[in-house]
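Visitor: There's a structure below that I have some questions on.
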Amino acid sequence: MSAQKSGLHPRNRHQHRYDLAALCQTTPELTSFLIRTPAGEQSVDFANPQAVKALNKALLAHFYAVTHWDIPPGFLCPPVPGRADYIHHLADLLGETTGSIPAQATILDVGVGANCIYPLIGVHEYGWRFTGSEVSDAAMSSAQAIIQANTGLSRAIRLRRQKDPAAIFTGIIHKNEFYDATLCNPPFHDSAAAARAGSERKRRNLGQNKDDALNFGGQQQELWCEGGEVAFIKKMIAESQSFRRQVLWFTTLVSRGENLPPLYRALTEAGAVKVVKKEMAQGQKQSRFIAWTFMDDDQHRRFITRKR
């Protein structure tokens, strides 16, 4: 098992403070959401969910050439820098076997969401091809609308409906399909009440009205599942065994460090050949993802040679 020192990834385009003038030029609607901090500095009104959404639109347009992006009310509005970090660290992981980041990697995004954020970043930064799975019709329709509204994305991103809400890979990974990696931002609460409490806590910290649910909102499948994050990832680990020769690296975010020990035990029991933890950080927020493979180094090289 190996770990990487935490910190924003060197290739992340969001290393520095936002250039609000440039972002407003790209997305003029952001201008109406700018405020002055007590120190007199210009900032975005992060307590306003519409401002957070406008900032996301501006970031995606300015840095990732996504000219049309929108999500329906009630769906998660993800922080772009943190999502980009996952993509860049995943790129490093894929490059460790061959010495260079693969330009034609195929990635499965488990629960692509209404925002389609990981494919949007991965396609622009590395030219990867994505399959996004989704259990929600509304989320899938939103993601599909984003893909169709932006030139070239329909050739790089395809969506598949997960018809069985209890399944993760089954029904999505087809026979004779091969993926360099899977990624996932799993639901982390174990009940609807816990999810609501978490959202309320975040809103209070920002001084939000309780009806402002956009950036700390989220649908059931985005926020919680029976047994919480550990149960969901354990299910993923168990199911990954059936696709051990079709996927090079299985990966998932893990929201809390204390959730790692039971997941490591599950990976040992599943027969994972190698397990990697990548630490990430954005400001005060710490995050991480774990990755596992059922292939040794020789099998990795053969997989890559055959797939390419």
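The values are calculated or read from the model by the stated rules, or taken from the named source; none is laboratory data. Small disclaimer: the values here were computed from a predicted structure and weren't measured. A quick note on method: Cβ atoms are made from the backbone with ideal geometry, for glycine too, and the neighbour counts reach across all protein chains shown.
Visitor: Please determine whether any residue of segment 41-58 is closer than 23 Å to Ser255 by Cβ and touching a strand residue (DSSP E or B) at 6+ places or on another chain (Cβ under 8 Å).
Guide: Yes, segment 41-58 contains a residue that is closer than 23 Å to Ser255 by Cβ and touching a strand residue (DSSP E or B) at 6+ places or on another chain (Cβ under 8 Å).
Visitor: If you check Lys277, Lys285, which single one turns out to be under 21 Å from Pro81 (Cβ atoms) and at pLDDT below 85?
Guide: Selected residue: Lys285, the only one of Lys277, Lys285 that is under 21 Å from Pro81 (Cβ atoms) and at pLDDT below 85.
Visitor: For segment 106-121: of the residues being over 20 Å from Arg288 (Cβ atoms) and assigned to a helix (DSSP H, G or I), which is farthest from the chain's Cα centre (by Cα)?
Guide: Leu120
Visitor: Starting from residues that are acidic (Asp, Glu) and surrounded by 13 or more Cβ atoms within 10 Å (Cβ to Cβ), keep the ones in segment 157-182 and report whichever is nearest to Val123 (Cα to Cα).
Guide: Only one residue fits best here, namely Asp180.
Visitor: Need at least 2 residues that are under 19 Å from Arg129 (Cα atoms) and not polar (S, T, N, Q) per element, so show me which helices (runs of 4 or more DSSP H) inside segment 1-105 make the cut, counting only ones lying wholly within it.
Guide: 49-64, 80-98
Visitor: So which of Arg83, Arg129 ends up being farther than 17 Å from Phe289 by Cα and either out of contact with any His (no Cβ under 8 Å at 6 or more places or on another chain) or at pLDDT below 95 (or both)?
Guide: Arg129
Visitor: In the set Leu159, Leu183, Leu93, which member is under 24 Å from Gln246 (Cβ atoms), of a type outside the set (Asp, Glu) and touching a Gly at 6+ places or on another chain (Cβ under 8 Å)?
Guide: Result of the check over Leu159, Leu183, Leu93: Leu159.
Visitor: Among (1) closer than 20 Å to Ser287 by Cβ; (2) surrounded by fewer than 16 Cβ atoms within 10 Å (Cβ to Cβ), there is one condition Arg13 misses while meeting the rest; what is its number?
Guide: (2)
Visitor: Now, a different point. How many residues are surrounded by 13 or more Cβ atoms within 10 Å (Cβ to Cβ) and part of a helix (DSSP H, G or I) when one looks only at segment 263-308?
Guide: Matching residues across segment 263-308 total 11.
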